[in-house]
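Colleague: Pasting a structure below so you can have a look.
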């Protein structure tokens, strides 16, 4: 059985970089901890793509363990790809999602 791979869309990369910079501004090294946490969660998603709940249509959401952020993703079962759409804070305005 082929393992799933992950593809981060450009806006998701932008989300991660923006949040990491924000955390680094608060405390040196915290941004790296955030990006490591995101990487760990994506690795989990690749191993267990259906473990997270469907939140919008076919978009699933994985809450990170340490930081208050959610990874929004879709599963392409045919090509065995996890498509990371966004990384949003749990307190962010849900309307932000509709602009994607």
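Colleague: Of the numbered conditions (1) on the phi > 0 side of the Ramachandran plot; (2) in contact with a helix residue (DSSP H, G or I) (Cβ under 7 Å, 6 or more places away or on another chain), residue 73 fails exactly one; give the number of that condition.
Modeller: (1)
Colleague: Next question, about the same structure. Could you please let me know if residue 66 is modelled with pLDDT of 95 or more and either exposed (fewer than 14 other Cβ atoms within 10 Å of the Cβ) or closer than 15 Å to residue 90 by Cα (or both)?
Modeller: Details: modelled with pLDDT of 95 or more: no; either exposed (fewer than 14 other Cβ atoms within 10 Å of the Cβ) or closer than 15 Å to residue 90 by Cα (or both): yes.
So residue 66 does not fit the description; no.
Colleague: Look through segment 1-21, keep the residues that are more than 17 Å from residue 90 (Cα to Cα) and touching a helix residue (DSSP H, G or I) at 6+ places or on another chain (Cβ under 8 Å), and return whichever of them is surrounded by the most Cβ atoms within 10 Å (Cβ to Cβ).
Modeller: 8
Colleague: Hey, can you tell me all the residues within segment 4-44 that are touching a strand residue (DSSP E or B) at 6+ places or on another chain (Cβ under 6 Å) and over 13 Å from residue 82 (Cα atoms)?
Modeller: 15, 16
Colleague: Filter segment 22-39 for residues that are within 16 Å of the chain's Cα centre (by Cα) and exposed (fewer than 13 other Cβ atoms within 10 Å of the Cβ); which is nearest to residue 70 (Cα to Cα)?
Modeller: Restricting to residues being within 16 Å of the chain's Cα centre (by Cα) and exposed (fewer than 13 other Cβ atoms within 10 Å of the Cβ), the top hit is 39.
Colleague: Of (1) modelled with pLDDT under 95; (2) surrounded by fewer than 19 Cβ atoms within 10 Å (Cβ to Cβ), residue 88 satisfies all except one. Which?
Modeller: Against the list (1) modelled with pLDDT under 95; (2) surrounded by fewer than 19 Cβ atoms within 10 Å (Cβ to Cβ), residue 88 comes up short only on (2).
Colleague: Please go through segment 45-61 and pick out each residue that is under 16 Å from residue 81 (Cβ atoms) and out of contact with any helix residue (DSSP H, G or I) (no Cβ under 9 Å at 6 or more places or on another chain).
Modeller: Once the filter is applied, which keeps residues that are under 16 Å from residue 81 (Cβ atoms) and out of contact with any helix residue (DSSP H, G or I) (no Cβ under 9 Å at 6 or more places or on another chain), segment 45-61 yields 45, 46, 47, 48, 49, 50, 58.
The values are calculated or read from the model by the stated rules, or taken from the named source; none is laboratory data. Keep in mind that what you see is a predicted model, and the values were worked out from it rather than measured. In this analysis, Cβ positions are derived from the backbone assuming ideal geometry, glycine residues included, and neighbour counts consider all displayed protein chains.
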